[in-house]
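Q: Handing you this structure, nothing more for now.
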């Protein structure tokens, strides 16, 4: 895959966030006595900007979020989150082999440590291993401090490397939620942050039809497609991958990987 995905680093806007915050408060000295509601709005703008870029998936105010890549022809980038899992990973690997497709598996560190044989199996069958944090702290990753953020990322990379001897190049946070320290941690570790251009939203559906339909609507050259394995409704999640791969094969799309190096 010829990709324009670049290593993650804090954005210029976020690097200057503190200065912007201070400057935005200066007008309050004059505005507050005359326009209290306007003053409150001015006061909240930087905090709202920070909150939105922390919790909104694919928001790129804090740093670069890869949502597409520079494809040559009908190529897509298939990503599979939340493994490895003995209930789903072997079946998913067989589906990928059937369609001659490659994928990036964004693995949860504690699962990688528990199922090191599956991590090796994924790598041996020609797929990429990505970092999806060590414990998948969905509820509080947004407020994690620099130490907790670094530990989540480092422990996951360490578990993957211990299992397969490979250091991940790509990172995706739980549900696309970011901590304010995340991009600095990623930059120091030369990890690329990968978002998506289409996702199935499998937890919202009682069958595979809805997620497959949502993904199909986003299929285009250079799309990054987000699917899941493991977790609740794992059968539906496997069926989603099967349905998506069948559609891609019918339409002449290839699931490709970034080049080494």
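Q: Restricting to the range 174-222, and then to whatever is surrounded by 19 or more Cβ atoms within 10 Å (Cβ to Cβ), within 22 Å of residue 73 (Cβ to Cβ) and more than 13 Å from the chain's Cα centre (by Cα), can you tell me which residue is modelled with the highest pLDDT?
A: Of everything passing the filter in the range 174-222, 215 is modelled with the highest pLDDT.
Q: Looking for something closer than 15 Å to residue 65 by Cβ, in contact with a strand residue (DSSP E or B) (Cβ under 9 Å, 6 or more places away or on another chain) and surrounded by fewer than 24 Cβ atoms within 10 Å (Cβ to Cβ) - is there at least one such residue anywhere in the range 235-250?
A: Within the range 235-250, none of the residues are closer than 15 Å to residue 65 by Cβ, in contact with a strand residue (DSSP E or B) (Cβ under 9 Å, 6 or more places away or on another chain) and surrounded by fewer than 24 Cβ atoms within 10 Å (Cβ to Cβ).
Q: Here's another thing I want to ask about it. Please count how many residues of the range 97-131 are assigned to a helix (DSSP H, G or I), touching a residue at least 60 places away in the same chain (Cβ under 8 Å) and crowded, with 22+ Cβ neighbours inside 10 Å.
A: Selection size over the range 97-131: 1.
Q: Pairs needed: first member in the range 177-205, on the phi > 0 side of the Ramachandran plot and free of Cβ contacts under 8 Å to residues at least 24 places away in the same chain; second member anywhere, surrounded by fewer than 24 Cβ atoms within 10 Å (Cβ to Cβ) and assigned to a strand (DSSP E or B); C-beta distance under 6 Å; at least 6 residues apart or different chains.
A: Correct list of pairs: empty, since none qualify.
Q: Another question, if that's okay. Would you be able to tell me the number of residues in the range 60-91 that are in contact (Cβ under 8 Å) with a residue 40 or more places away in the chain, under 29 Å from residue 140 (Cβ atoms) and either touching a helix residue (DSSP H, G or I) at 6+ places or on another chain (Cβ under 7 Å) or part of a loop (DSSP other than H, G, I, E, B) (or both)?
A: 14
Q: Among the residues of the range 133-153, what is the count of those that are farther than 19 Å from residue 188 by Cβ and outside any helix (DSSP H, G or I)?
A: Within the range 133-153, residues that are farther than 19 Å from residue 188 by Cβ and outside any helix (DSSP H, G or I) number 6.
Q: Further question: Going residue by residue through the range 223-233, is there one that turns out to be touching a residue at least 40 places away in the same chain (Cβ under 8 Å), surrounded by fewer than 19 Cβ atoms within 10 Å (Cβ to Cβ) and closer than 23 Å to residue 89 by Cα?
A: Yes, some residue in the range 223-233 is touching a residue at least 40 places away in the same chain (Cβ under 8 Å), surrounded by fewer than 19 Cβ atoms within 10 Å (Cβ to Cβ) and closer than 23 Å to residue 89 by Cα.
Q: Scan the range 223-253 residue by residue and report those that are more than 16 Å from the chain's Cα centre (by Cα), part of a loop (DSSP other than H, G, I, E, B) and either under 20 Å from residue 56 (Cβ atoms) or modelled with pLDDT of 95 or more (or both).
A: 251, 252, 253
Q: Sticking with this structure for a sec: Which residues, counting only those in the range 171-213, are in a helix (DSSP H, G or I) and within 15 Å of residue 146 (Cβ to Cβ)?
A: Passing the criteria: 182, 183, 184, 185, 186, 187, 188.
Q: Out of (1) farther than 18 Å from residue 199 by Cβ; (2) at pLDDT 95 or above, the odd one out for residue 82 is which?
A: (1)
Q: May I pose another question? Condition test on residue 166, is it in contact with a strand residue (DSSP E or B) (Cβ under 8 Å, 6 or more places away or on another chain) and part of a loop (DSSP other than H, G, I, E, B)?
A: yes
Q: Considering only residues that are modelled with pLDDT under 95 and crowded, with 20+ Cβ neighbours inside 10 Å, which ones fall in the range 132-147?
A: Within the range 132-147, 141, 144 qualify.
The values are calculated or read from the model by the stated rules, or taken from the named source; none is laboratory data. Small disclaimer: the values here were computed from a predicted structure and weren't measured. No Cβ is skipped: glycine too gets one built from the backbone with ideal geometry, and neighbour counts run over all protein chains shown.
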